[in-house]
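Okay, structure first, notes after.
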Amino acid sequence: MKVTVVGAGAVGASCAEYIAIKNFASEVVLLDIKEGFAEGKAMDLMQTASLNGFDTKITGVTNDYTKTANSDICVITSGIPRKPGMTREELIGINAGIVKTVSASLIENSPNTIIIVVSNPMDTMTYLVHKTTGLPKHRIIGMGGALDSARFKYRLAEALKAPISDVDGMVIGGHSDVGMVPLTRLATRNSVPVSKFLSDDRLNQVKEDTKVGGATLTKLLGTSAWYAPGAAVSGLVQAIACDQKKMFPCSALLQGEYGLNDLCIGAPVILGRKGIEKVVEIELTDAEKEHLHTSAEGVMKTNGLLEL
Ligand SMILES: NC(=O)c1ccc[n+]([C@@H]2O[C@H](COP(=O)([O-])OP(=O)(O)OC[C@H]3O[C@@H](n4cnc5c(N)ncnc54)[C@H](O)[C@@H]3O)[C@@H](O)[C@H]2O)c1
């Protein structure tokens, strides 16, 4: 199992670290455009191998795609992150060019790969990869919902004063502050709906805190977060590599599911060795459907900025 991670910055390096620590991949190639940067990150990470007990080989390369050849899974984290006060959508100008050239170079060297898109605005970048590479739709996956759901569970556990392992919940919709649809109605504490424990007001607060989860961290850190994003990507990579058939909300190309067409947006999917093995359609209330469709309108508006 060979995994390439493009972008050895905060998210790319964190993602490589979590993949290595979980010890399921034989090789992780970190690639960055900045001279020597990926080599340095890879060496530093390899020096944690004996301490953290993993055998995954991490190598770093400066923009040499021949070293990524025959990767089973490629993760794209290259691009600029947002600064405090910025929206993810404002990154489109620079990141679209980067994601387009990076995905073409990856496929040239690994024609059978599965691509996971992380760079923001992620739903639009995932759509761009669909439009420009011609890969089958099950082999292009956007990571956003796995992270947003982890943040949702963190906020739910905080409100419930419960351990996070007691809590389950999912966020679908666009990976943006206004686009996220945290499904509070379906969230549970050990299969008991969370509404049994929390007032509507408190649940609403959880929902709003989840939606601005990324912005809250960007304000604190001065740049966007990396631990949870890296861990979320590693979860998707592991589900694919180990053919786990796990369900995650991911940005997938929808063609009629949820009444939506020709866009990538967060929906529950089953991930296995083939990539997206199924888009799961769950029954939504009218209000949830309306929120998802408004979110889709936002994603489509951003897609409209792409020069395709
Ligand atoms: N989808 C999500 O949930 C999620 C979460 C966090 C961050 N992000 C996004 O991930 C991206 C990376 O964030 P970060 O915090 O790691 O940023 P970062 O600046 O730390 O790292 C980005 C790296 O990409 C490299 N890069 C730029 N152009 C490149 C190219 N053409 N080829 C190869 N490498 C190139 C840079 O040299 C840099 O090292 C941002 O767009 C950010 O918004 C997405």
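Among the residues of the range 172-214, those identified as of a type in the set (D, E, K, R) and within 16 Å of the ligand (Cβ to nearest atom) are Asp177, Lys211. Of all the criteria given as (1) modelled with pLDDT of 95 or more; (2) open to solvent by 30 Å² or more (accessible area, probe 1.4 Å); (3) of a type outside the set (Gly, Ala, Ser); (4) closer than 20 Å to Met86 by Cα, the one not satisfied by Asp177 is (1).
Among the residues of the range 132-141, those that are open to solvent by 10 Å² or more (accessible area, probe 1.4 Å) and either at pLDDT 95 or above or among the acidic types (Asp, Glu) (or both) comprise Thr132, Thr133, Leu135, Pro136, Lys137, His138, Arg139. Would you check if Leu306 is open to solvent by less than 10 Å² (accessible area, probe 1.4 Å), touching a residue at least 40 places away in the same chain (Cβ under 8 Å) and on the phi < 0 side of the Ramachandran plot? Spelling it out, it is not the case that Leu306 is open to solvent by less than 10 Å² (accessible area, probe 1.4 Å), touching a residue at least 40 places away in the same chain (Cβ under 8 Å) and on the phi < 0 side of the Ramachandran plot.
For the range 1-15, residues that are more than 14 Å from the ligand (Cβ to nearest atom) and open to solvent by 10 Å² or more (accessible area, probe 1.4 Å) total 2. Checking the range 175-183 against the condition returns a match, with at least one residue being under 18 Å from Ala146 (Cα atoms), touching a Pro at 6+ places or on another chain (Cβ under 9 Å) and hydroxyl-bearing (Ser, Thr, Tyr).
Can you find, within the range 159-174, the residue that is most open to solvent (accessible area, probe 1.4 Å) among those that are free of Cβ contacts under 8 Å to residues at least 24 places away in the same chain and charged (D, E, K, R)? Result: Lys161.
The values are calculated or read from the model by the stated rules, or taken from the named source; none is laboratory data. Note that the structure is predicted; figures quoted are calculated from it, not measured. Methodologically, a virtual Cβ is constructed for each residue, glycine included, from the backbone with ideal geometry; neighbour enumeration extends over all protein chains shown. To get the accessible areas, we keep the full protein, side chains included, count just its heavy atoms, and leave off ligands, DNA and RNA. Shrake-Rupley method; radii C 1.70, N 1.55, O 1.52, S 1.80 Å.
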